[in-house]
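*Asks:* Handing you this structure, nothing more for now.
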Amino acid sequence: MELRQLRYFVAVAEELNFGRAAARLHIAGPSLSQQIKSLERDLGVRLFERDRRTVTLTAHGETLLPRTRALLEQADDLRRTARGFAASEPVRLGYVSWRPADLEERVSGVARLRVDAWVMPSHTQAARVADGSLDLAITWVRATDLAEQQLTGRLLGADRLYAVSIGDESPVAGRDTVVLVDADTATWASWNIYAIEFARSVGATVERIDDHGITGSAFFDHVRRLGRPVLSSPKRDATPMPSGFTRRPVVDPVPLWTWALVSRSDESDPAVLATVEALTRDVVVELGPAPYWLPGDDPFRPGALTYQP
């Protein structure tokens with residue numbers, strides 16, 4: 001019996017759904033099911049009643065759940081004490097657009113986390129890690145950037161990019177999309193690099209702009225002006241999609257944008273190293289059967305989850 005299995009038990013008990021629990025834990029569903037069965041064998045009791053539609057706690061599961069939570073809290077407290085958690089400086093983490101919804105929960109027990117308030121472009125956040133302004137950053141990064149700045153990157157997630165058009169929801173081939181490239185390289189350097197390489201690789205059209213229309217209402221103005229499906233960037237944006245506009249899957253190939261957890265190659269702080277391990281240990285990125293596209297210098301091309309210069 002392992003603490004990891006006990007954490008899995010608590011997650012399934014709280015979600016009462018193996019699929020949601022697996023997504024929350026960032027592990028594959030079949031693996032979660034196997035771990036729960038292994039825990040049940042070790043304990044000698046069934047924890048859940050499950051069929052195709054529902055998952056419920058057994059009487060044994062109901063009894064063991066509060067005790068398991070208390071045991072995990074004791075383990076976390078022991079880990080914090082052993083690592084000098086109370087006296088340590090917080091781990092400073094920056095991000096660009098996306099971060100895991102359970103970021104703090106996953107780090108709980110190994111470090112205090114301070115999420116930096118400055119949301120900056122990918123290349124800026126990577127440079128801040130390199131110069132010591134941040135300990136970690138969630139960012140898009142190239143293998144070249146990691147090597148030149150003496151950084152290490154571990155895969156944390158990936159976005160499947162889509163296109164936006166008016167009135168059509170059908171899949172669109174990559175070659176039939178338009179990619180926007182903004183003149184402000186201080187803000188859009190990473191996206192411009194990605195967009196131009198994608199266009200050259202698949203035959204998409206490059207449209208050069210100078211109004212920061214990669215996101216926001218200006219993006220929809222460009223879609224309307226061009227009358228063609230425009231590839232959307234991975235940057236989260238609160239601007240509502242106008243009536244009549246639709247998201248269209250991009251196929252042949254599917255463009256993927258990877259998110260790396262970046263740290264310094266010579267990092268020795270136990271709290272930082274423990275945070276990296278806690279955030280990336282069970283990361284599973286399902287690429288699916290469709291052909292997908294990554295930049296040639298992406299450090300997480302098939303077969304690699306970690307890049308170490």
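*Asks:* Residues being surrounded by 14 or more Cβ atoms within 10 Å (Cβ to Cβ) and at negative phi: count how many of those fall in the stretch 206-219.
*Replies:* 9
*Asks:* Let me ask something additional. Taking the residues in the stretch 203-246 that are basic (Lys, Arg) and touching a strand residue (DSSP E or B) at 6+ places or on another chain (Cβ under 8 Å) as candidates, determine which candidate is nearest to GLU169 (Cα to Cα). It would help to see each step written out before you state the result.
*Replies:* We begin by selecting, within the stretch 203-246, every residue basic (Lys, Arg); these are 208, 224-225, 228, 235-236.
Filter again for touching a strand residue (DSSP E or B) at 6+ places or on another chain (Cβ under 8 Å), leaving 208, 224, 228.
Numbers: ARG208: 25, ARG224: 15, ARG228: 12 Å.
The selected residue is ARG228.
*Asks:* Taking the condition acidic (Asp, Glu), more than 13 Å from the chain's Cα centre (by Cα) and not assigned by the TED database to the domain that holds ILE193, does ASP237 pass?
*Replies:* No: the conditions fail for ASP237.
*Asks:* Separate question: From the list ARG236, ARG200, ARG224, ARG228, pick out the single residue that is under 20 Å from TRP98 (Cβ atoms) and of a type in the set (Lys, Arg).
*Replies:* Only one candidate qualifies: ARG236.
*Asks:* While we're looking at this one, here's another question. Within the set of pairs 6+ apart or on separate chains, which have a first residue in the stretch 39-53 that is over 13 Å from LEU6 (Cα atoms), a second that is modelled with pLDDT of 90 or more and assigned to a loop (DSSP other than H, G, I, E, B), and C-beta atoms under 6 Å apart?
*Replies:* Final answer for the pair search is ARG46/THR58; GLU49/THR58.
*Asks:* I'm trying to understand the selection: among the residues of the stretch 129-157, which are surrounded by fewer than 21 Cβ atoms within 10 Å (Cβ to Cβ) and under 12 Å from ARG264 (Cβ atoms)?
*Replies:* Answer for the stretch 129-157, where residues must be surrounded by fewer than 21 Cβ atoms within 10 Å (Cβ to Cβ) and under 12 Å from ARG264 (Cβ atoms): ALA130, ASP131, GLY132, SER133, GLN149, GLN150, THR152.
*Asks:* Against the definition (crowded, with 19+ Cβ neighbours inside 10 Å and in the same structural domain as LEU103 (by the TED database)), how does ARG281 come out, yes or no?
*Replies:* Against the criterion (crowded, with 19+ Cβ neighbours inside 10 Å and in the same structural domain as LEU103 (by the TED database)), ARG281 does not qualify.
*Asks:* Is there a residue being hydroxyl-bearing (Ser, Thr, Tyr), under 16 Å from the mean Cα position of the chain (by Cα) and surrounded by 18 or more Cβ atoms within 10 Å (Cβ to Cβ) anywhere in the stretch 267-276?
*Replies:* Yes; the residues of the stretch 267-276 include at least one that is hydroxyl-bearing (Ser, Thr, Tyr), under 16 Å from the mean Cα position of the chain (by Cα) and surrounded by 18 or more Cβ atoms within 10 Å (Cβ to Cβ).
*Asks:* Next question, about the same structure. Give the number of residues within the stretch 181-207 that are over 30 Å from VAL283 (Cβ atoms), of a type outside the set (D, E, K, R) and outside any helix (DSSP H, G or I).
*Replies:* Result for the stretch 181-207: 5.
The values are calculated or read from the model by the stated rules, or taken from the named source; none is laboratory data. This is a predicted model, so every value here is computed, not measured. All Cβ positions, glycine included, derive from the backbone under ideal geometry; neighbour counts span all protein chains shown.
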